[in-house]
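Following: one structure in structure tokens, then a few remarks.
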Amino acid sequence: MPRGALIVLEGLDRSGKSTQVDRLVAHLQASGRDARVHKFPDRTTSIGQMINSYLQSKSELDDHAIHLLFAANRWECAAQIEKDLAAGTTVVCDRYAFSGIAFTAAKVRRDTRNWGLAALQLSKANDCAAGLRVSRASSELAVNWWYSLARLTPILPPLLSTHATTDTSQGIDFTYCLTPDTGLPLPDTTLFLTLSPEVASKRGAYGEERYETLDTQTRVREQFALVGREMAARHPGRWEEVSAEGTMDAVEAKVWTRVQAVVKRVEAGGEGSELGRLWV
Ligand code: 2DT
Ligand code: MG
């Protein structure tokens, strides 16, 4: 019996992924195939509950820690996915390791260098103020000016931090982001549903969860482009962009056409049809 195919749908929030996953499974079943959905994150496991609480801002976690939990959440499902594939079931994943990379790599950190510089300048100002108070060598005007600046000191850091958040340096290295998923079952194809973040945001208000802002989605979109490039280099032919701008029916037709071709290729067996390993 041929193995089942591993199909992944990826995309930004509001790209219509979950709808398309449901419609794809309906097509697969109507064509006489067994199909099963895995939604990531899988919030039903104990790791998934930690992720859920983080996404709902009920808990805070270090960026590395949550990244590894998302990967662990895939690893705890990997054996079941492989079992299903071996039994001939087509497995459709709603997000996979690629969301893991894109969402973490899109995180920004506050620019600590600016903070350091600001702190240095402020401490110098304080020193001067103290020095002037003691020596009374300068004019009253200069003394007053330094005193005013020194008294502003406590409110300056929050003001500076507003500027610091616009820094676009990456919080976590891209290679670090993809490493924990190395060795997971390699999808036979990943369809990346493309939709501009602006159009996505007009499809209805974003929910309450972390990451559901236009700013974050725009940065995630940029990282997904890098993921696509990485896939082209490491696993050519397994990453396809599908425009999600049209109607649900139009997108559904495009997705089904592509998936059918892949499923048939896997079912035919032959060279290159065995299950691969991600990034290996
Ligand atoms: P949903 O909106 O699809 O429930 O996703 N995410 C997801 C990550 O940051 N890393 C991951 O590995 C995965 C699978 C994307 C919830 C959010 O979790 C993000 C959106
Ligand atoms: Mg969401």
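Values as computed for the structure displayed
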| quantity | calculated |
| --- | --- |
| Built amide H within the under 5 Å cut-off of Thr90, gap 5+ | Ala5, Asp34, Ala35, Arg36 |
| Estimated FRET transfer efficiency (Trp75, Val108; beta-carbon r; R0 35 Å; 0.05) | 0.80 |
| Built amide H within the under 5 Å cut-off of Phe192, gap 5+ | Glu10, Glu240, Glu241, Val242 |
| Table column - 3J(HN,Hα) (Hz), region 230-245, Karplus curve with 6.51, -1.76, 1.60, x for Gly and Pro | 4, 5, 4, 7, 9, 9, x, x, 10, 10, 10, 8, 10, 5, 9, 6 |
| In region 2-91, GluC sites (Glu not before Pro) in a DSSP loop with at most 15 other beta-carbon atoms within 10 Å | Glu60 |
| Hz values of 3J(HN,Hα) by residue in region 22-37 - Karplus curve (6.51, -1.76, 1.60), Gly and Pro given as x | 4, 5, 5, 4, 4, 4, 4, 5, 5, 8, x, 9, 7, 9, 9, 9 |
| Full-extension gain in nm, Arg265 to Ser57, via 0.36 nm per residue minus C-alpha separation | 70.6 nm |
| Calculated from backbone phi, Karplus (6.51, -1.76, 1.60) coupling profile of region 219-224 in Hz, x at Gly/Pro | 5, 5, 4, 5, 5, 4 |
| Cut-off under 5 Å, modelled amide H: who pairs with Lys39 long-range | Asp94 |
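We did not get these values from a lab; they are worked out from the coordinates using the rules stated. Everything numeric in this text was worked out from a predicted model, so none of it was measured. Positions of Cβ are backbone-derived with ideal geometry, glycine not excepted, and every protein chain shown enters the neighbour counts.
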